[in-house]
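Let me begin by presenting the structure, written as structure tokens, before commenting on it.
The values are calculated or read from the model by the stated rules, or taken from the named source; none is laboratory data. Owing to the predicted nature of the structure, the values given are computational and were not obtained by experimental measurement. Quick reminder, even Gly has a Cβ in these numbers, built from the backbone with ideal geometry, and neighbours come from all protein chains shown. Surface areas here come from the heavy atoms of the whole protein model, side chains and all, with no ligands, DNA or RNA. Shrake-Rupley method; radii C 1.70, N 1.55, O 1.52, S 1.80 Å.
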Amino acid sequence: MLKTLQASVMALLISLAASIGIANADTIKIGFNVPLTGFAAADGQSALHGAELAVEQVNANGGVNGDALELVVYDDQASPKESAPLAIKMITQDEVVAGVSGSYSGSTRAAATIFAENNVPYISAYAIHPDITRAGEYVFRTSFMGEVQGRAGAKLIGEMLGAKRVTMITLNNDFGISLANGFKEQTDNFGIEVISEYEYSIKDREFGAIVSKIKSDNPDAIYASGYFFTAGPLVSQLRAAGIDQPVIGQEGYDSQKFIEIAGPASEGVMITTSLDRDSSDPMTQAFIEGFSNKAGYPADMVAASAHTAILVLADALARSGSLDKASLRDAIAATDLKASTGQISFNALGEVKKDVQIQIVRDGNWHHHSVISDPDLLAPPSE
Amino acid sequence: MLAIEILIQGLIQGSIYALIALGLTLVYGLLRILHVAHASLFTLGGYLGVLITNATGSLFLALLLAMIIVGFVGMASYRILYYPILSRPPLIALIASIGIFIASEEVFRIIFGPFSISYISPPLQNQIDVFSGIMLSEARIMVVLLAFILLLGMNWLARQTRLGIATRASVVDPDMAMSSGVNVETIRYSIFFIGSAFAAAAGVMVSLLNNLVEPTMGAVPSYKALAIIVLGGLGSVRGALIASLMLGVIESFGTIYFGNLLDRDSLAFAFLILVLMIRPKGIFTKG
């Protein structure tokens, strides 16, 4: 009884798979792992909207050499133990031509290893761990590494704002630690003295003790790493305690949600990021407008990064002219593309080379403050 | 001066822990169940606090409604989740409870969306000079006052009312209490109502301090409250309260002076392990 049931289910599945295969004969499949449940679901939702927007834009313009792009989406819960089998599934079962990660570092690293082993191109949209691109020559990253942004933060604080005595509040995960490393690497160059540093965990929303201590430290500026859901409470608690020194963050803050959580306290907060809301570039404007129409809320860094990663892939597919993975890989490596997060090209390791945007909160919105385009300072590691 | 300020911040955090841990330790005392899903009620309280305040403009109404609604949800959780498996070993109830807690995070995400929600205009944000330059927001003062009032009320209930006396009798000897005419079911429902309402109050307070509620906000309380009731001696109300405040203060100083070695949660659990090595039954249990 059970055997016949199993057999009929199998038969059903096989016929289903076959029919899907035929229906999608003319589409180019791109794997996309993204956290849609669990703690990272909010970022995952934005990344998915951004990636879908990119696919819609490409397909509306005639697709890639006449073929439509198709996103094969899987929920990886931002967990390596989910993303690894999903990577295998995408490569062997769905036979994707390439993969894009719209996920965090842990899950992206696990998937990157598998893509690299199978010689299938893989692009990390916004996961920042240094080992991701070291998985192999088929792996690329379209966002800044933490170290690069940390260096830009040091230049912003030490040189552009002229603040010298700095307190660091570091998120104790790969994102926060690599930002802190990049920042500290450049403190001497920009005359910064780190007078105190505090660490917190990603689960913390309550910073009462640290805030009290910072008040007595009395720094010139505060360099605080975090995501909008930690930085929002942090900044509002800092301002509520009467600490009005500049707060400098990074792309983790880069969401309208940060402003919503911190409220008026968010005014004047500056971040290093890759999306310029005030850009006059039609590409970026089309993205910002298209995203808020599609998602119903303003674009954020995660969305822009996923959007960029898909466009990089589409551009490389068009240039390589075939679905051969090796030539697609070479085409990605040769990218020189204007995307929603700026002019994109890669170094030998597959790390992106682009300018760092400084955005500031004014009147309840993110706005352009300045740009750091310093290829030496912003050079990602090349091996 | 700095030390006093950090101490105060610790007591504020400790007050929140106390409100959450109270329900947990009461349920354990009565049913010998580790009620992990209690943390879901904390999250629900937070959501109701923000949503009702945004809809009506009244934080007081939101707090009251959140406590009442969550109180009833707590009673329902007893009836639906625990009542059918009371005769099974406590491990079964624990596993069911963990399952409900994990599922609840996704239910919150499906109902309220994956993004956090915030107060449109956060109430009680004015600064008050408590003494000699120590500034606290009204929300922080409210946390401590509310915890104090609720716990005082609880104490009165336990000592002065028939329900309280019957509850204490049921904890000590359920069979004896029952044969003396105590309706054990009424007591269980009451305890779930009170414990859940307190967790809701804690949820509203946390939403106020952080101006943020999110589907996973119960994750930390779910296990930290367990640590607290173990520290305080399982089932002991006074022990849980003192352990809550102690843990709040230890974390507060710890994040400043040991934060680069251990994060807040690790500090709490390092302390728990240390205590259990010396006093395996918790700090405040005799014998």
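Observations
- Pairwise alpha-carbon distances in region A:187-257 exceed 15 Å for 54% of all pairs.
- Region B:24-220: relative contact order in percent, alpha carbon pairs under 8 Å with at least 6 residues between: 43
- Summarising the strand pairing of chain A, around 35 percent of its internal DSSP beta bridges are antiparallel.
- Estimated at the nearest 10 Å², the accessible area of A:TYR74 is 40 Å² with a 1.4 Å probe.
- Accessible solvent surface per residue of the protein assembly as shown, calculated while the other protein chains remain in place, 1.4 angstrom probe, Å²: 39
- Direction-averaged projected area, Cα convex hull, region B:208-274: 5.3 nm², rounded to one decimal.
- Computed over neighbours whose Cβ is under 11 Å from that of A:ILE177, the net charge equals -2, Lys and Arg +1, Asp and Glu -1.
- Solvent-free Debye scattering, log10 I(q)/I(0), computed from the Cα coordinates of region A:129-238 at q = 0.18 Å⁻¹: -0.89
- Helical segments meeting 20 Å axial Cα length and Kyte-Doolittle -0.5 threshold in chain A (DSSP H): A:2-23, A:41-60, A:301-320
- Taken over the C-alpha atoms, the protein assembly as shown has Rg and Dmax values of 27.0, 86 angstrom.
- Under 11 Å, Cβ to Cβ, from B:TYR223 - net charge with Lys/Arg +1 and Asp/Glu -1: +1
- Per-residue ellipticity at 222 nm from helix content only, as computed over chain A with -39500 (n - 2.57) for each DSSP H run of at least four residues, stands at -13000 deg cm²/dmol.
- Selected from A:ALA304, A:ALA152, A:ALA265 as most flexible by GNM, with chain A as the system and alpha-carbon contacts under 10 Å: A:ALA265
- For region A:116-225: relative contact order, % (alpha-carbon pairs under 8 angstrom, 6 or more apart): 28
- Both radii are taken from the alpha-carbon atoms of region B:24-220; with Rh as the Kirkwood radius, Rg/Rh is 1.02.
- With every protein chain in place, region A:102-261: carbon and sulfur % of accessible area (1.4 Å): 43
- Ranked by how many other beta carbons lie within 10 Å on average, peptides A:284-294, B:145-155, A:86-96, B:65-75 from highest: B:65-75, A:86-96, A:284-294, B:145-155
- Inter-chain Cβ neighbour count for A:36-43, averaged per residue, equals 5 (cutoff 10 Å, partner chain atoms only).
- Per-residue shielding of B:112-123, expressed as the average number of other chain Cβ atoms within 10 Å of the residue Cβ, stands at 5.
- Region A:327-383 and region A:271-320: distance between their alpha carbon centers, rounded to Å: 12
- Area accessible to solvent at B:LEU94, 1.4 Å probe radius, in Å²: 40
- Environment charge of A:ALA41, counting only residues whose C-beta is closer than 10 Å and scoring Lys/Arg +1, Asp/Glu -1: -4
- Our summary gives chain A a relative contact order of 16 percent, counting only alpha carbon pairs under 8 angstrom and 6 or more residues apart.
- Spatial offset of region B:229-287 relative to region A:137-173 amounts to 36 Å, using the alpha carbon center of each.
- When nucleic acids and ligands are ignored and a 1.4 Å probe is applied, A:SER178 ends up with an accessible area of around 10 Å².
- With semi-axes defined as the square roots of five times the eigenvalues of the C-alpha gyration tensor, the equivalent ellipsoid of chain A measures 38, 22, 19 Å, largest first.
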